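In what follows, a single structure is set out as structure tokens and then discussed.
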Amino acid sequence: MIRVLLAEDQAMVRGALSALLNLEPDIEVLGSACDGEAAWREVQRLKPDVLVTDIEMPGLTGLELAQRIQRHELPIKVIIVTTFARPGFLRRALDAAVSGYLLKDAPAENLAEALRTVHRGGRAIDPQLALEAWSEADPLNDRERQVLRLAGEGHSAGDIAIQLSLSHGTVRNYLSEAIGKLGVANRIEAYRLARQKGWL
């Protein structure tokens, strides 16, 4: 049996995925989580073979979850199922050792097949996205990305400094670096462009 944990913040999608996968004779859904932190706790408690996760979730994103699993060297494969057909997301997912990346508008049977492929040690990546992913590199580092995401959510440089335990000047430097790398005029434009490219 392939033991699966689902992480998805939309209850209807979570329920539908669980019902679909439980129809498969070789797949068992152990549980589900509605946000990233809950998913992390369930990963440690249930020790699934595969985590199927969305990207955008409260708490931790699916990519941050994958990075945490990688950092802790847990023997758990990760498949991302998302609406975001953005090459930047896929590149970051591959950097975090994600084994599968599927779009939510793909046929339902693709997910069960992807689970089997990944469980056997293979990769399941949307082919069109895979081609586009190598067209443009993400210029931001992790800290710039973190600071820019918070700035785009409306936090002041002072708030960001407190949240990330950085000095006010360091936060301003990270924002300035991100704006320069993206070739835009201000932090709002930088946030919009980085979101559009899938780099946040």
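The values are calculated or read from the model by the stated rules, or taken from the named source; none is laboratory data. These numbers were taken from a predicted model, which means no experiment stands behind them. In this analysis, Cβ positions are derived from the backbone assuming ideal geometry, glycine residues included, and neighbour counts consider all displayed protein chains. Heads up: the accessible areas ignore ligands, DNA and RNA and are worked out on the full protein's heavy atoms, side chains in. Shrake-Rupley method; radii C 1.70, N 1.55, O 1.52, S 1.80 Å.
Give the residue, chosen from A185, A194, that is surrounded by fewer than 16 Cβ atoms within 10 Å (Cβ to Cβ) and of a type in the set (A, V, I, L, M, F, W, C). It would help to see each step written out before you state the result.
Working: A194 fails: surrounded by fewer than 16 Cβ atoms within 10 Å (Cβ to Cβ).
From the options A185, A194, the qualifying one is A185.
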### Task
Filter the stretch 2-16 for residues that are assigned to a loop (DSSP other than H, G, I, E, B) and closer than 17 Å to V43 by Cα and give the result.
E8, D9
### Summary
With criteria (1) within 17 Å of the chain's Cα centre (by Cα); (2) modelled with pLDDT of 90 or more; (3) under 17 Å from R14 (Cα atoms), T82 comes up short on (2)
### Query
Just one of the numbered conditions (1) over 24 Å from V98 (Cβ atoms); (2) without any contact (Cβ under 8 Å) to a residue 24 or more places away in the chain is not true of L182; which one?
(2)
### Message
Exactly one condition in (1) in contact with a helix residue (DSSP H, G or I) (Cβ under 9 Å, 6 or more places away or on another chain); (2) touching a residue at least 24 places away in the same chain (Cβ under 8 Å); (3) not aliphatic (A, V, I, L, M) is false for H155; which is it?
### Response
(2)
### Message
With the requirement that a residue be within 18 Å of R3 (Cβ to Cβ) and either open to solvent by 10 Å² or more (accessible area, probe 1.4 Å) or aromatic (F, W, Y) (or both), what does the stretch 73-98 give you?
### Response
L74, P75, I76, K77, V81
#### Entry: Qualifying residue in the stretch 17-32 (condition: in a helix (DSSP H, G or I), in contact with a helix residue (DSSP H, G or I) (Cβ under 8 Å, 6 or more places away or on another chain) and closer than 22 Å to R149 by Cα)
no
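Only helices (runs of 4 or more DSSP H) wholly contained in the stretch 137-200 count here; list those with 1 or more residues that are at pLDDT below 95, of a type outside the set (V, I, T) and within 19 Å of P58 (Cβ to Cβ). Spell out the reasoning first.
Values: elements: 142-152, 157-164, 168-182, 187-197.
Of the helices (runs of 4 or more DSSP H) lying wholly inside the stretch 137-200, those with at least 1 residues that are at pLDDT below 95, of a type outside the set (V, I, T) and within 19 Å of P58 (Cβ to Cβ) span 142-152, 157-164, 187-197.
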